[in-house]
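Below you'll find the structure, written out as structure tokens, and then a few comments.
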Amino acid sequence: MTTKSIDITLKVWRQKGPGHKGRLETYRADNISTDMSFLEMLDVINEQLTLDGREPIAFDHDCREGICGQCGSVVNGRPHGPEQGTTLCQLHMRHFNSGDTLVIEPFRARAFKVVKDLAVDRSPLDKIIQAGGYVSVNTGGTPDANSIPISADIAEEAMDAAACIGCGACVAACPNASAMLFMSAKVSQLALLPQGRPEAAKRALAMVRQMDACGFGNCSNERECEAECPKQISITHIARLNREFIKAGIGSSVF
Amino acid sequence: MDWVIRTLGTAVGKKLLMAVTGLSFCGFLGAHLAGNLTLYGGADAFNSYAAHLHSLGPLLTVAELGLLALFVVHVVTGLVLFLQNLKARPQRYAVDRSAGGRTLGSRTMPYTGALIFLFIIYHLMNFHFVDKSHATIFAIVAGTFANPVQMALYITAMVVVAVHVSHGFWSLFQTLGANHPKYMPAIKILGLLFALVVGVGFGFIPIYVGML
């Protein structure tokens, strides 16, 4: 098998730290194998930068298997790049052509502080999950299998929501930098299952209030999030979050 | 009553305010359009419709105050949302590309909203806060649309309203939690049809009256 290689130009956001002013810097990326992933391409650039005695580009990454939610940058205005349903680590260079110019920027939101270059602090998403609190699970002996009947459809839908890896691409893609799709996935996965019901009202209210406190924007149903989500989570989960919020805010006795 | 503010003041709460008031305005647009269609029946039909409407007396005043309240909530909440959303991304992207989710309507929502706000004030100055003791309402309407500038302005405003409704209609159902795999496709089509009916229905009135 012969390997094709391409020559591209990168314009990468470089920023020393949270308080610093950043700017786009241009790098040549020649002889890039199309079998490389996007992050491997950045590794190659960084190796060269290091050999040249320059500061390598800081970017978030961990599993490089598309399941940890750690990677993610905005490539030519698209979080995780132009491919649908793909994390940046699973995006391969074969989707680009020789001569392309790629502008790489960090996920931008007031709630996500830039740590350095492309690396951002997404801990506000953890704060939203923490605000959601616990789920009641009975202690004691191992329960009988299927003692709580859950239909396959509901289990599948809960699993679709649970597929969220918390990467923050929905926030990056949202014109309002809202974390609604992320939060709706977290609310949905528990709201659909009987185990999550007892705390449903408290959870919906607390998580929405925490999202506001973190400085995320408000959802205006632009649908950019579901189009960019690497796990292709649907905005029907946002509608479920809205229903949960109405039930909790108006129908429940939780304040 | 602290819980009311803590509930309606959240991101979802503000959206609910927009959705409920928006749904009311969709109802108002339908009723307003139905009434205005009497213009096609000529001067007598329209004047008689106006007379019947005004014979409601205090009921009409209550309805007007209700609309004003909905209007204030929609405008103030919309403005707060716009400013908060602007603030939520202080550093913009150098390259900003859509993945195909946004539409003309969703993209321009705050701006079409602002234009409609100005239009409503202008519209009320034209036909509501006007001396009706010397001329019938039909004569006032006909006089206004005899001016081609006014006619063009009203038609443009109706296009803007249609664009606003094209996103607002389905969006309000989503916000109220009514996104169901069986019904959402129908709601989206209904929203576009409603936007078209509002745009064409109101938009042709100035043309028809102006041609008389």
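The values are calculated or read from the model by the stated rules, or taken from the named source; none is laboratory data. For clarity, every value in this text was computed on a predicted model and none was experimentally measured. Every residue, glycine as well, gets a Cβ built from its backbone with ideal geometry; the counts of neighbours run over all protein chains shown. Surface areas here come from the heavy atoms of the whole protein model, side chains and all, with no ligands, DNA or RNA. Shrake-Rupley method; radii C 1.70, N 1.55, O 1.52, S 1.80 Å.
General remarks:
- Structure-based [θ]222 nm, chain A - -39500 (n - 2.57) summed over DSSP H runs of at least 4, per residue, nearest 500: -9500 deg cm²/dmol
- Separation of alpha-carbon centers, segment A:80-139 and segment B:143-158, rounded to whole Å: 49 Å
- Size of the A/B contact, given as accessible area buried on both chains, probe 1.4 Å, in Å²: 3800 Å²
- When all alpha carbon pairs of segment A:5-115 are counted in 10 Å bins from zero, the resulting P(r) reads 14, 48, 33, 5 %.
- Sparsely packed chymotrypsin sites (Phe, Trp or Tyr not before Pro) within segment B:74-130, loop by DSSP, other Cβ within 10 Å at most 16: B:Phe129
- Distance from segment A:205-240 to segment B:40-64 (C-alpha centre basis), Å: 45 Å
- Kyte-Doolittle mean at least 0.5 and Cα axial length at least 30 Å: DSSP H helices in chain B: B:11-36, B:58-87, B:148-175, B:184-211
- With Cα atoms as the point set, segment B:2-210 shows a radius of gyration and Dmax of 19.2, 59 Å.
- Projecting the Cα atoms of A:Ala185, A:Ile128, A:Ile233 onto the charge dipole of chain A, computed from C-beta unit charges around the Cα centre, puts A:Ile128 farthest toward the positive end.
- Short-range pairs are left out: with C-alpha atoms under 8 Å and at least six residues apart, the relative contact order of chain A is 19 percent.
- Karplus-derived 3J(HN,Hα), 6.51/-1.76/1.60, for each residue of segment A:104-110, Hz, glycine and proline x: 10, 10, x, 4, 10, 6, 4
- Occluded residues from segment A:205-228, i.e. those whose accessible area drops by 50 Å² or more once the chain is not alone (1.4 Å probe): A:Arg209, A:Asn218, A:Asn221, A:Glu222, A:Arg223, A:Glu224
- Sorting the segments A:180-186, B:153-159 by their mean number of nearby beta carbons within 10 angstrom, highest to lowest, gives A:180-186, B:153-159.
- For chain A, carbon and sulfur atoms together expose 49% of the accessible surface, with a 1.4 angstrom probe and every protein chain in place.
- The mean sequence distance of close C-alpha pairs (under 8 Å, at least 6 residues apart), as a share of the length of segment A:1-125, puts its relative contact order at 31 percent.
- Basic side chains Lys and Arg get +1 at the Cβ, acidic Asp and Glu get -1 at the Cβ, and with that the dipole of segment B:2-210 about its Cα centre reaches some 1000 debye.
- For B:Val76 and B:Ala51, a Förster radius of 35 Å and the Cβ-Cβ distance give a FRET efficiency of 0.50, rounded to the nearest 0.05.
- Gaussian network model of chain A, Cα within-10 Å springs - most flexible of A:Ser178, A:Ser37, A:Ser136: A:Ser136
- Principal axis analysis of the Cα atoms in chain A yields extents of 62, 45, 35 Å, listed in decreasing size.
- Cα centroids of segment B:183-203 and segment A:23-50: 49 Å apart.
- Helix axis angle, A:236-246 relative to chain A longest principal axis, alpha carbon, degrees: 40 degrees
- On a per residue basis, segment B:2-210 carries 53 Å² of accessible surface, using protein heavy atoms and a 1.4 Å probe.
- Pairs exceeding a 30 Å alpha-carbon distance, out of A:Lys116/A:Lys231; A:Lys113/A:Lys186; A:Lys21/A:Lys202; A:Lys16/B:Lys87; A:Lys202/B:Lys87; A:Lys21/A:Lys231: A:Lys21/A:Lys202; A:Lys21/A:Lys231.
- For chain B, a Gaussian network of Cα nodes joined below 10 Å ranks B:Thr21, B:Thr144, B:Thr112 by mean-square fluctuation, and the top entry is B:Thr144.
- Shielding by partners - mean other protein chain Cβ count within 10 Å, residues of A:68-75: 1
- Interface residues of segment B:76-105, defined as those losing at least 30 Å² of solvent-accessible heavy-atom surface relative to the isolated chain (probe radius 1.4 Å), are listed as B:Asn85, B:Lys87, B:Ala88, B:Arg89, B:Gln91, B:Tyr93, B:Ala94, B:Val95, B:Arg97, B:Ala99, B:Gly101, B:Arg102.
- With Cα atoms as the point set, segment A:50-187 shows a radius of gyration and Dmax of 18.9, 63 Å.
- Computed over the protein assembly as shown, the Cα gyration tensor eigenvalues convert (square root of 5λ each) into semi-axes of 48, 30, 19 Å, ordered from largest to smallest.
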